1. Please check which bits of region 23-59 a label hung off residue 89 would reach, taking the label as a point 7 Å along Cα-to-C-beta and the cut-off as backbone N under 14 Å.
2. Among DSSP bridges having both ends in region 7-64, what percentage is antiparallel? Round to the nearest 5.
3. Can you compute the helix-only [θ] at 222 nm over the chain? Use -39500 (n - 2.57) per DSSP H run of at least 4 residues, normalise by all residues, nearest 500 deg cm²/dmol.
4. What is the ratio of the Cα radius of gyration of region 7-64 to 2.2 N^0.38 Å, with N the residue count, to two decimals?
5. By how many nm would the segment from residue 132 to residue 38 grow when fully extended, if each residue of separation counts as 0.36 nm and the alpha-carbon distance is taken off?
6. Considering only region 30-170, what is the antiparallel percent among its DSSP beta bridges, to the nearest 5?
7. Using only Cα atoms, find the angle between the long axis of helix 133-145 and the longest principal axis of the chain, and express it within 0 to 90 degrees, rounded to the nearest 10.
8. If packing is taken as the average number of other Cβ atoms within 10 Å across a peptide's residues, how do 63-75, 81-93 rank, most packed first?
Amino acid sequence: MGIVHPHLWYSDNALEAAEFYVSVFPNSRITHVVHAPADMPGVSKGAPFVVSFELDGQPVEAISAGPSLQLNAAFSFVVDCEDQAEIDHYWDALLAGGGQPVACGWLTDRFGLSWQVVPRRLMELTLSPDADPEGAARATQVMLTQTKLDIAALEAAYRGESPGSPHSAR
């Protein structure tokens, strides 16, 4: 049976991107690098060409194949975070070196790859069949105003509390 995995296209820095990603996520490693043969259009002979790596155990492949294709937000990796400390850690790490925050927990790293850095709690508050529909709507509205997601503010909105109220820090 085949293995399904993402394949990412970079202009010329797939190896640099892979090295960055494996430095950010635990249980990650580069597994193989294929260097370009002499007859590869747009790629220098011997340059890193195809990079296979594992990202938190997930197989990923990247290619440095010139600027004819570009990464965009139609594809993103989701980082499910247990708590605010994890959100803060991955948010800061993925923005390092020139990444750009977007909105609603999304960011684009310095290589052009889109990421969603989200708390697991958001799904419980907004998409769970057990969620209160009014609370879910309030939490969703707050999420839509945030760039980096803030669990305490989402939970306060779910409970119907204003962000600065004494009970919003629970």
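1. Under 14 Å, as judged by backbone N against the label point of residue 89, lie 23-28, 56 of region 23-59.
2. 75
3. When only DSSP H runs of four or more count, the value is -9000 deg cm²/dmol.
4. Compared with the compact-globule rule of thumb, region 7-64 sits at 1.10.
5. 27.8 nm
6. Approximately 75 percent, going by the DSSP bridge assignments.
7. Helix 133-145 sits roughly 50 degrees off the main axis of the chain.
8. Top of the packing list down: 81-93, 63-75.
Computed from the coordinates by the stated procedures, all read-outs in this text should not be read as laboratory data. Since this is a predicted model, take the numbers as computed values, not measurements. Here Cβ is always computed from backbone atoms with ideal geometry, including for glycine, and neighbour counts include all displayed protein chains.
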